[in-house]
Amino acid sequence: MNYIIMGLPGAGKGTQAKKIVEGFGLVHLSTGDMFRQAKKSDEVISKLLASGQLVPDDIVIDMIKNRLAKGNLKNGFLLDGFPRTVKQAEELDLMLKVENMKIAAVFFVDVCFDEAIKRIVGRRVCTCGASYHVDFIPPKIEGKCDICGKDLIQRDDDKEDVVKNRLEVYEKQTRPLIDYYKKTKLFVNIDGSKNEKEIFNQISRLMIVNKITVKNTGCLLCYFA
Ligand SMILES: [Zn+2]
């Protein structure tokens, strides 16, 4: 079974994606990872990312197309970071048709703006790679890394005005995409206000039901209707 995961920045999508691919043995098709990989060898992508611009539709679509054609996805995959626009979603539908594949569900991890802002603005990181949150994962000593003792920093990307801007951009781009998937009945709204474990339970429950009993219909909502 193949799935798509979407969510506002701060919704906890990254954490959930990791748990899902580990728990269900899926291949993680993450455009974020693909960009980081390509950055090392591809000058165009490297320049785009360095200047903070979005990677254009054509390039992202080609990346996914190549990956799907490469195969080795028999156990299913989780798309993460793609599609991001309606155009990308339409292209994905065409690619899947060519490869004779289907998407079983689109999980949208839903949080309100205020919650998303709180989660991102509270993030602190250390140069050693450790990460914290002032409310949810506080370090033992305020402002200091538990592992190496260095001062924790707030990434520029995580500052409040930048976050608000990121959320608005995402909302503008993604709202039409949500409507697109609602029409296909693949869309599943996941309550992202819950904690990590509860969110994962919501998603995995649906996936287990899907795998065992609705193998051929490919649609969770039809099953629950
Ligand atoms: Zn550290």
Computed [θ] at 222 nm, helices only, for the chain once each DSSP H run of length n ≥ 4 contributes -39500 (n - 2.57): -16500 deg cm²/dmol
Can you give the charge dipole size of the stretch 70-191 about its Cα centre, rounded to the nearest 20 debye, using +1 on the beta carbon of Lys and Arg and -1 on the beta carbon of Asp and Glu? 400 debye
Compare the peptides 91-102, 112-123 by average per-residue count of other Cβ atoms within 10 angstrom and give them in order, highest first. 112-123, 91-102
I want the antiparallel fraction of DSSP beta bridges within the chain, as a percent rounded to 5. 25 percent
Answer with one residue from PRO138, VAL98, GLY7: the one whose Cα lies farthest towards the positive end of the charge dipole of the chain, charges on Cβ with Lys, Arg +1 and Asp, Glu -1. VAL98
Compute the helix-to-body angle for 160-184: its Cα long axis versus the longest principal axis of the chain, expressed 0 to 90° and rounded to tens. 10 degrees
Filtered hits (lysines, Cα-Cα < 24 Å from LYS65, offset >= 8 within chain) -> LYS13, LYS18, LYS39, LYS40, LYS47, LYS74, LYS87, LYS97, LYS102, LYS182, LYS183, LYS185
Starting from the alpha-carbon convex hull of the chain, give the projected area averaged over all orientations, in nm². 13.2 nm²
Based on the Cα atoms of the stretch 73-178, what semi-axes does the equivalent ellipsoid have, where each is the square root of 5 times one gyration tensor eigenvalue, given in whole Å with the largest first? 36, 18, 11
Just want the answer: with Cβ charges of +1 for Lys and Arg and -1 for Asp and Glu, which residue in ALA69, SER30, GLN173 is farthest toward the dipole's positive end in the chain? ALA69
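Read the figures in this text as sums done on the coordinates, not as results from a lab. The model shown is predicted, which means the values in this text are computed figures rather than measured ones. No Cβ is skipped: glycine too gets one built from the backbone with ideal geometry, and neighbour counts run over all protein chains shown.
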